[in-house]
Amino acid sequence: MDASSTSRPKSRAEVSIVRHPDFYFSDGSVVIIVEKTAFRVHQSLLARHSDVFKGMWEVPQPQRADTYDGCPSVILQDSVNDFVDVMKVLYDTFHFDKINPDTSLSHLITFIAGILRISTKYNMLQLRNKCIDIIQEKFPSSLKGCDEVLTRGIKYVPSEIVRIIPLARETTVPKVLPWAFYLCAHISVDEILANNVLSWRDKALCLAGKERLWELQKKETHFFLLDFKQAPTCTTGCQTRVMVPRQLKLSDIESLRINPHPLEEYTDWKSLMICIKCQAMVESQHKEGREKVWQKLPTLFHLGTWDDINKDQSC
Ligand SMILES: [Zn+2]
């Protein structure tokens, strides 16, 4: 117990409050109490990052809890873990360096979740943008970005990343939702139903999206594997001799239906054994199909259009 805390008797409310071991600075100018944990920190530092914190002690607030340990204090209704994460960013210069390209997606989501929630609520724009940049590297909002993550072979375990959906909704980061839903459409029906993170509405969207993605894969992107039609300029009769439709077994089709992946770029053109004219036509249709799927992706999950999404997420 330091000297300043003994200057006056503590009220009963103060007694039950615990000082955070790392973020209770003797030269701190304000005390923030979150879930009965007190943080004595520097108002000038908070104000530098957030106009909400800047104004917090300028205008009397209804929830203002007087003073604590001789400093102006305020009680915030947040999660203490989230708040600690933000304190780490503000006071530990290299906190963000703790994540690197090898960090698992599950850990990455845990790492940024609290910072994103607090920075959104208190309008800490730099921090919020930093978090969004980090997740958008893994959850792209352009087909080019999607191709990059597919090429990089990022390991997405849908059951581990499903948390990104409620987080993105809560913190208004809709840009990451189409790709997140696309990935989560690969979770089995039973697993989606048993999931305790997604809302029932989002569960329904995942299930409906699964069906729609498979429809698009059959009709727009990988149709040639199921129903090949030769190019009008074909002179070698590819349609009659193409082997591919017969190569796809029922089990392959069933697996595609359960795990639709229309955005997967098809590259094994040689195995189709078709003439160069047919290949050029099918390649071009496949490319157009992928662009079409990407454009439609948000609407498949009732997220509006990409334009709506970009409007909703100003940064
Ligand atoms: Zn041909």
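The values are calculated or read from the model by the stated rules, or taken from the named source; none is laboratory data. Computed from a predicted structure; not experimentally measured. Note that we place each Cβ from the backbone using ideal geometry, even for glycine, and neighbour counts take in every protein chain shown.
State which residue is farthest from Leu105 (Cα to Cα) when the search covers only region 133-153 and only residues that are surrounded by 15 or more Cβ atoms within 10 Å (Cβ to Cβ) and either polar (S, T, N, Q) or in contact with a Lys or Arg (Cβ under 6 Å, 6 or more places away or on another chain) (or both).
The qualifying residue farthest from Leu105 (Cα to Cα) is Ser141.
Tell me yes or no: at least one residue of region 248-258 is crowded, with 16+ Cβ neighbours inside 10 Å, at pLDDT below 95, assigned to a helix (DSSP H, G or I) and under 29 Å from the mean Cα position of the chain (by Cα).
The answer is yes; a qualifying residue exists.
Go through region 71-100 and give me each residue that's touching a helix residue (DSSP H, G or I) at 6+ places or on another chain (Cβ under 9 Å) and polar (S, T, N, Q).
Ser79, Asn81
Say whether the condition of being under 29 Å from Lys36 (Cβ atoms), at pLDDT 95 or above and loosely packed, with under 15 Cβ neighbours inside 10 Å is met by at least one residue in region 79-98.
Within region 79-98, one or more residues are under 29 Å from Lys36 (Cβ atoms), at pLDDT 95 or above and loosely packed, with under 15 Cβ neighbours inside 10 Å.
Of all residues in region 264-302, which are within 20 Å of Asp202 (Cβ to Cβ) and either surrounded by 19 or more Cβ atoms within 10 Å (Cβ to Cβ) or of a type in the set (Val, Ile, Thr) (or both)?
Leu297, Pro298, Thr299, Leu300, Phe301
Which residues, taken from region 259-279, are modelled with pLDDT of 90 or more, polar (S, T, N, Q) and within 16 Å of the ligand (Cβ to nearest atom)?
Gln279 - this is the single residue of region 259-279 that is modelled with pLDDT of 90 or more, polar (S, T, N, Q) and within 16 Å of the ligand (Cβ to nearest atom).
From Trp306, Trp214, Trp294, grab the single residue that is without any contact (Cβ under 8 Å) to a residue 60 or more places away in the chain, away from the ligand (no atom under 16 Å from the Cβ) and closer than 30 Å to Val173 by Cα.
Trp214
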